1. Which whole-number value in Å³ per residue fits the convex hull of the alpha carbons of region 60-132?
2. Under 16 Å from the Cα of Lys212, which aspartates and glutamates turn up, not counting those fewer than eight places away in the same chain?
3. Across region 408-476, how many lysine pairs, 8 or more positions apart or on different chains, have C-alpha atoms separated by under 30 Å? Please give the number.
4. Compare the Cα positions of Gly81, Phe107, Phe380 along the charge dipole of the chain (+1 at Cβ of Lys, Arg; -1 at Cβ of Asp, Glu; about the Cα centre) and return the one farthest towards the positive end.
5. Translational D (Stokes-Einstein, µm²/s) of region 331-430 at 20 °C and 1.002 mPa s when Rh comes from the Kirkwood sum over C-alpha pairs?
6. Expressed as an acute angle from 0 to 90° and rounded to the nearest 10, what is the orientation of the C-alpha long axis of helix 47-56 relative to the principal long axis of the chain?
7. Per the 1.4 Å probe, what fraction of the accessible area of the chain, in percent, lies on carbon and sulfur atoms?
8. Taking the Cα atoms only, what angle lies between the long axis of helix 91-104 and the longest principal axis of the chain, rounded to 10 degrees?
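The values are calculated or read from the model by the stated rules, or taken from the named source; none is laboratory data. Keep in mind it's a predicted model, so treat the numbers as computed, not measured. Please note: Cβ atoms are built from the backbone with ideal geometry, for glycine as well, and neighbour counts cover all protein chains shown. With ligands, DNA and RNA removed, areas are computed over all heavy atoms of the protein, side chains included. Shrake-Rupley method; radii C 1.70, N 1.55, O 1.52, S 1.80 Å.
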Amino acid sequence: MATSNTNAAPRDNWGSKLGFVMAAAGSAVGLGNIWKFPYTAGENGGGAFIVIYLAFVIFIGFSVMLTEFAVGRKTGRSAVGAFKSTDGRWTFVGVIGVLSGLLIMGFYPVVGGWALAYVQKVSTGLLSNPEAIGDSFGGFITNPIQPLMWMGVYLLMNIIIVSRGISGGIEKAGKVLMPILFLILIIVSVKGLSLPGAMAGVEFLFSPDFSKVDSGVVLAALGQAFFSLSLGMGCMITYGSYLKKKENLVQTTGMVTAMDTGVAILAGIAMFPAMFALGMEPAAGPGLVFVVVPQLFAEMGGVGLIFALLFFVGLTVAALTSSVSLLEVVVSYLIDEKGMKRTTAVLSAAAVMAVLCIFASLSLGGVGPTLFDTGAFDIFDLLTDKIFLAVGGMLVCIFAGWRLSREELEKEITNDGEVKFPLFGLWYNLVKFVIPVAVAIVAFAGISSGFDSGKGPIMLMGIGIIALTGLLSKKL
Ligand code: PFF
């Protein structure tokens, strides 16, 4: 695969490579693909959003992921250390990554908890009353207590996995359950497509109407690309630091990007035709998968029950393989930079996350503080997905393009000239010039357009936090 090593058994090379690709894909494929992508596409007009999203994945996501892998493998350090060891003035970029990890974990476990709750709900008769499925979701997430309990259990699972160091059980569970989840998404798609009225959903997805595209839609597509590919917060830098010198970074990046995008598009095909057939609104919001999937399977009797169960177990595991990577970014910072023991680091990080999650979960029932009419759940989502990740990714590109030399990057990416990467020049220019400018324009326009809805000030606050972190970088 990566190189022809005459002494090593080629199967070993393949095995370890596949292991890495699966781990990185495990981080990338998660709630972002199956829960967030369909409803974000729905809220932003469908087809046109998807075209823009795909363009960002190909031209920006791929390049940023390759950059993160290269920086991680070159420095052999995790998020903060990778920057600090090169140039102390850049430490703040790693710290913003840690902050993003904390904030994403301020709402991700809430939704992870929903997935877990749905395993139980499906097994205890949710499907027997299909008409009530929609209301039951609304009632559940706005309940002040129930979702909190499930969030607690979900967060506990993360704590246990990350305290033991990533690997072992969760990776094995992922390897079995991810292909099953993929298969179930195909079954859901086929079932959805067979319903009368489903074609309207296919049209919504694949015939883009650019007349509805504004800068808010473009920023949403950019944010979704970064979120889904786990970019812009040092997660893939950390993963890259474990990569062996002989592995092919370009090919690995291609595989992870393709898998992640494939699952997102498949989730779209699984949801929209069914939604249109069931008469739901495309902008149905965060409840989409939790309503569409049970409704579809409810019609199928006993087999449907098994499929629905497998779907929510698979969704929980997909979420877990992503959230442990988020928690790990924060934990490795506390261990490496603050000298904490692993258990202390995990417990302190999780304690902060639990508090944020309580605010996020309660905000969905209208309880708790708001800022510009926006509750905690949406604030954490807005700050990270729309600002921190995109700006973080932009800063990683500026760091690679302007602080590292073209020669060292070329050596790292081509394994000292052993791997051919004919597009190196293109990649380098994208990273050095195009991506920083493109992200800046999209973020600026998106923030300006967000002022009508109260989202602008919150996103602007995100920029302020980044600037402040930069100013304080000496102390971090
Ligand atoms: N990519 C994950 C998902 O799609 O669910 C979420 C995520 C994980 C974002 C890790 C960022 C990250 F560093």
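1. Roughly 145 Å³ of hull volume per residue.
2. Glu43, Glu203
3. Counting lysine pairs in region 408-476 gives 6.
4. Projecting each Cα onto the dipole axis, the largest value belongs to Gly81.
5. Reported coefficient: 123 µm²/s.
6. It is inclined by approximately 20 degrees.
7. Its accessible area is 66 percent carbon and sulfur atoms.
8. 10 degrees
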